[in-house]
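The structure appears below as structure tokens.
No value in this document is a laboratory result; all are computed from the given coordinates. Here the structure is a predicted model, which is why all the values come from computation and not from measurement. Positions of Cβ are backbone-derived with ideal geometry, glycine not excepted, and every protein chain shown enters the neighbour counts.
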Amino acid sequence: MSQGLFISFEGIDGAGKSTHVEGLAQAFRAAGRNVTVTREPGGTPLAEQLRALALNAPMDPLTEALLMFAARRDHLGQVIEPALARGDVVLCDRFTDATFAYQGGGRGFDLAVLSQLERWVQSTPALPAGTLRQPALTLWFEVAPEVAAQRLAGARAPDRFESQPAEFFRRVLRGYEARAQAEAGRFARIDADRPREQVWDQVILAVRSRGWLA
Ligand SMILES: Nc1ncnc2c1ncn2[C@@H]1O[C@H](COP(=O)(O)OP(=O)(O)O)[C@@H](O)[C@H]1O
Ligand SMILES: Cc1cn([C@H]2C[C@H](O)[C@@H](COP(=O)(O)OP(=O)(O)O)O2)c(=O)[nH]c1=O
């Protein structure tokens, strides 16, 4: 049986990350792997309900952070951990880096509280004590907020986050930068300010260079 492999996709809204999730899933399936494609917030019936609240109902920053981690806890227990235990490749559209970037960077919420929540929520009996469940690879789609906003204009109705001004997304970007610096080995920076094909080339290269696809 293959070893489970956990890959997350990150970036500001409109960076173009969701565009490549299914392509990477197909590449792994073509190599004979079982793939679980999922997203955060969401991925289970309960977490999808929490998503609908977090994306639409006004709330204070702590409530927002708690909802993100509550959804994540359910998602990890119901979907991600069982899939990894089966040996699946798990492709997750956003994970905890988004909380550090959006609630930490964007909203300015206390990073120490987020780190504590991360330790509680991502502890799992499947790993040695003190080790947290984290993606083996995080594909970070980096793009200027102005470019991302242009891509989203007209593409879909904006939610509570997507309707934020460019300054919010600059802070989110800095939140991602800080996480990428702190955990450099896990992050692959994708220059997302390129045509789709060139973005895809970077995605597949990041996975191949780690020996996970031929
Ligand atoms: N490299 C690209 N260049 C131009 N437009 C893109 C690119 N990648 C995706 N798009 C378009 O930008 C919009 C946002 O893409 P999406 O993948 O949904 O972003 P995200 O999941 O990061 O919010 C979509 O309309 C998509 O078709
Ligand atoms: C996972 C996560 C997402 N978010 C935000 C980022 C996005 O604006 C929003 C939903 O993410 P996403 O699924 O990327 O939205 P869409 O399907 O519309 O592209 O939730 C947080 O603020 N914190 C989190 O922890």
> Does segment 167-213 come out rounded, prolate or oblate, given a ≥ b ≥ c as the square roots of the eigenvalues of its C-alpha gyration tensor, rounded meaning a/c under 1.5 and, failing that, prolate meaning a/b above b/c?
Replying inline: oblate
> Among Glu118, Glu167, which comes first, second and so on when ranked by fewest other beta-carbon atoms within 10 Å?
Replying inline: Glu167, Glu118
> Ranking Met59, Met68, Met1 by Cβ neighbours within 10 Å, fewest first, what do you get?
Replying inline: Met1, Met59, Met68
>> Kirkwood Rh and Cα-based Rg: tell me the resulting Rg over Rh for segment 112-178, rounded to two decimals.
In response: 1.10
> Suppose R0 equals 30 Å; then what is the FRET efficiency for Gln3 and Gln26 from their Cβ-Cβ distance, rounded to the nearest 0.05?
Replying inline: 0.90
> Exactly which trypsin sites (Lys or Arg not before Pro) in segment 77-178 are in a DSSP loop and have at most 16 other Cβ atoms within 10 Å?
Replying inline: Arg156, Arg160
>> Can you give the local net charge around Arg196? Use residues other than it whose beta-carbon is closer than 15 angstrom to its beta-carbon, Lys and Arg +1, Asp and Glu -1.
In response: -2
> Fully extended, how many nm does the chain gain between Arg86 and Ala52 (0.36 nm per residue separation, minus their Cα-Cα distance)?
Replying inline: 9.3 nm
> With the contact rule set at Cα under 8 Å and sequence spacing of 6 or more, what percent relative contact order holds for the chain?
Replying inline: 30
> Taking the alpha-carbon set of the chain, what are its Rg and Dmax in Å?
Replying inline: 16.4, 47
> Tally Lys/Arg at +1 and Asp/Glu at -1 over every other residue whose Cβ is under 15 Å from the Cβ of Leu152; what's the total?
Replying inline: -1
> Can you give the Rg and Dmax of segment 13-84 based on its C-alpha atoms, in angstrom?
Replying inline: 14.4, 45
> For segment 144-214, with only Lys/Arg (+1) and Asp/Glu (-1) charged at the beta-carbon, what is the dipole magnitude about the Cα centre, in debye rounded to 20?
Replying inline: 200
>> Suppose each label sits 7 Å from its Cα in the direction of the beta carbon; what would the Thr63-Arg189 distance come out to in nanometres?
In response: 3.7
